[in-house]
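Participant: So that we are looking at the same thing, I have put the structure below in structure tokens.
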Amino acid sequence: MEPCSCDTFVALPPATVNNRIIFGKNSDRPCDEVQEVVYFPAAVHDNLKEHLKCTYIEIDQVPETYAIVLSRPAWLWGAEMGANEHGVCIGNEAVWGREEVCDEEALLGMDLVRLGLERADTAEKALNVIVDLLEKYGQGGNCSEGRMVFSYHNSFLIADRNEAWVLETAGKYWAAEKVQEGVRNISNQLSITTKIDREHPDMRSYAKQKGWWDGKKEFDFAATYSYLDTTKMMISPGRYCEGYKLLNKHKGNITFETMMEILRDKPSGINMEGEFLTTASMVSILPQDSNVPCIHFLTGTPDPERSVFKPFIFVPNISQLLDTSSPTFEDSVKKKPQFNIKPDRRHPLYQKHQQALEILDNKEEKAKTMLDNMSKLEKELFKEMESILQNKHLDVDKIVNLFPQCTKDEIRIYKPNISS
């Protein structure tokens with residue numbers, strides 16, 4: 001199952017500089033899948049009898065939901081990663097183990113990412129939301145738009161301004177580990193071993209009943225619920241170990257730019273190429289000082305090495321993100337048989353970026369100019385964002401258009417090369 005792969009990272013003081021928590025994720029998905037960046041404002045839901053439609057199933061709505069920004073495969077309701085107005089960030093990973101994956105339609109892990117962001121103002125509350133929904137509705141369903149059937153359990157990395165949580169699941173059973181300092185990453189394997197801070201009440205008894213644990217030796221979640229030899233987990237080849245090494249290499253000096261470098265790293269396999277590739281990336285700065293705004297950088301395009309990380313900050317009355325929103329179609333998820341025709345979901349930025357990539361691959365001189373201009377735009381944005389973080393001052397009128405304007409500036413770099 002290694003072809004499906006994502007990597008999610010968090011770094012907390014003292015591993016970072018300036019008392020910031022840095023969150024990052026690469027979303028590795030089928031190479032022809034479009035990922036969009038979308039914003040949903042906070043909302044009050046008066047009619048709680050009306051159910052909420054997720055990707056496959058309907059669930060109970062809550063009275064209030066928070067403003068969120070999501071990076072998501074354009075065909076589904078949930079998200080691969082995202083953030084909310086309270087500085088909560090979540091990314092998920094596909095994991096497999098001894099517990100069989102349910103083929104029945106339930107909540108996708110990506111639905112749980114969005115639900116956690118919509119309903120929780122801290123990382124631990126988001127964990128509570130996810131495990132409660134997991135217990136009530138279960139997880140399952142095809143995670144791919146197309147004929148390929150592709151289902152998995154999920155792990156989650158959840159962060160806020162103060163701490164992070166790793167939540168790993170096997171069916172309805174789960175374990176969670178609190179992270180208060182240093183670095184932590186998750187990939188496509190269970191990684192919680194003996195440090196278990198919260199757990200499903202029947203997790204151990206179920207493992208004992210299945211013969212996976214004798215009830216005597218120290219309980220190791222990853223070793224019990226998967227086939228991993230956890231003693232070799234940190235030295236075996238693979239993206240989990242490579243990600244851990246990259247985080248530790250920069251420990252003490254990690255900035256948001258360091259996190260972007262890690263996400264752009266091809267030799268480690270973290271920036272993935274091939275049938276499954278890195279279709280979108282996200283890095284968030286979560287300052288521990290609540291007077292300083294959180295800043296979320298999203299690409300909305302494949303291959304972070306050849307994409308621009310564009311900043312998003314939550315303020316009232318944000319302009320819609322039209323250039324990174326995919327066209328809408330009659331719901332292919334609800335059609336039977338599902339996914340017979342895959343519609344063209346490319347949003348304006350994705351289209352221009354794909355055309356630009358062809359030039360990058362074929363015209364050396366133009367490619368250099370374009371990459372230089374992309375790098376220049378990014379550096380200017382980084383400088384501007386660092387100034388906001390240092391001065392704690394926001395020009396709200398400008399920030400409402402921040403992400404849309406950056407997207408237009410990026411498209412402007414591609415246009416002359418595409419048309420000539």
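Participant: For segment 296-315, which positions are open to solvent by 10 Å² or more (accessible area, probe 1.4 Å) and either within 29 Å of ASP121 (Cβ to Cβ) or among the acidic types (Asp, Glu) (or both)?
Facilitator: ASP303, GLU305, PHE314, VAL315
Participant: Taking LEU107 and the conditions (1) of a type outside the set (Asp, Glu); (2) touching a Pro at 6+ places or on another chain (Cβ under 8 Å); (3) crowded, with 21+ Cβ neighbours inside 10 Å, which numbered condition does it fall short on, given that it satisfies the others?
Facilitator: (2)
Participant: Which one of these is assigned to a loop (DSSP other than H, G, I, E, B), closer than 30 Å to TYR244 by Cα and touching a residue at least 12 places away in the same chain (Cβ under 8 Å): ASN18, ASN26?
Facilitator: Residue meeting the stated conditions: ASN18.
Participant: Determine, yes or no, whether ALA176 is in contact with a Lys or Arg (Cβ under 6 Å, 6 or more places away or on another chain), of a type outside the set (D, E, K, R) and in contact (Cβ under 8 Å) with a residue 40 or more places away in the chain.
Facilitator: Details: in contact with a Lys or Arg (Cβ under 6 Å, 6 or more places away or on another chain): yes; of a type outside the set (D, E, K, R): yes; in contact (Cβ under 8 Å) with a residue 40 or more places away in the chain: yes.
For ALA176, the condition - in contact with a Lys or Arg (Cβ under 6 Å, 6 or more places away or on another chain), of a type outside the set (D, E, K, R) and in contact (Cβ under 8 Å) with a residue 40 or more places away in the chain - is met.
Participant: Here's another thing I want to ask about it. Keeping to segment 197-222, report how many residues are within 30 Å of ASP28 (Cα to Cα), open to solvent by less than 30 Å² (accessible area, probe 1.4 Å) and of a type outside the set (Asp, Glu).
Facilitator: 4
Let's see how each residue does on (1) basic (Lys, Arg); (2) open to solvent by less than 10 Å² (accessible area, probe 1.4 Å); (3) touching a strand residue (DSSP E or B) at 6+ places or on another chain (Cβ under 9 Å):
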{"position": "ASP7", "(1), (2), (3)": "no, yes, yes"}
{"position": "PRO13", "(1), (2), (3)": "no, no, yes"}
{"position": "ASN26", "(1), (2), (3)": "no, yes, yes"}
{"position": "ARG29", "(1), (2), (3)": "yes, yes, yes"}
{"position": "ALA42", "(1), (2), (3)": "no, no, yes"}
{"position": "ASP46", "(1), (2), (3)": "no, no, no"}
{"position": "LYS49", "(1), (2), (3)": "yes, no, no"}
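Participant: With modelled with pLDDT under 95, within 30 Å of THR55 (Cβ to Cβ), surrounded by 13 or more Cβ atoms within 10 Å (Cβ to Cβ) and not basic (Lys, Arg) as the only criterion, which of LEU394, LEU357, LEU321 stands out?
Facilitator: Among LEU394, LEU357, LEU321, only LEU357 is modelled with pLDDT under 95, within 30 Å of THR55 (Cβ to Cβ), surrounded by 13 or more Cβ atoms within 10 Å (Cβ to Cβ) and not basic (Lys, Arg).
Participant: Just to be sure, is GLY252 open to solvent by 20 Å² or more (accessible area, probe 1.4 Å), small (Gly, Ala, Ser) and under 30 Å from PHE382 (Cα atoms)? Even if it seems obvious, please write down each step before you answer.
Facilitator: Numbers: open to solvent by 20 Å² or more (accessible area, probe 1.4 Å): yes; small (Gly, Ala, Ser): yes; under 30 Å from PHE382 (Cα atoms): yes.
So GLY252 passes the test.
Participant: What's the number of the condition LYS334 fails, among (1) charged (D, E, K, R); (2) at pLDDT 95 or above; (3) more than 30 Å from LYS368 (Cβ to Cβ)?
Facilitator: For LYS334, the failing item is (2).
Participant: I would also like to ask the following. Of all the residues that make up segment 366-383, how many are exposed (fewer than 15 other Cβ atoms within 10 Å of the Cβ) and over 16 Å from TYR414 (Cβ atoms)?
Facilitator: The number of residues fulfilling the criteria is 3.
Participant: Kindly indicate which of ALA170, ALA207, ALA176 is of a type in the set (A, V, I, L, M), at pLDDT 95 or above and in contact with a Leu (Cβ under 6 Å, 6 or more places away or on another chain).
Facilitator: None of the others qualify; the one that does is ALA176.
Participant: Scanning for something over 21 Å from GLY91 (Cβ atoms) and crowded, with 21+ Cβ neighbours inside 10 Å, does segment 224-241 turn up at least one residue?
Facilitator: Yes, segment 224-241 contains a residue that is over 21 Å from GLY91 (Cβ atoms) and crowded, with 21+ Cβ neighbours inside 10 Å.
The values are calculated or read from the model by the stated rules, or taken from the named source; none is laboratory data. As the structure is a computational prediction, the values presented were derived from the model and not from experiment. Note that we place each Cβ from the backbone using ideal geometry, even for glycine, and neighbour counts take in every protein chain shown. SASA here: full protein model, heavy atoms, side chains in, ligands and nucleic acids out. Shrake-Rupley method; radii C 1.70, N 1.55, O 1.52, S 1.80 Å.
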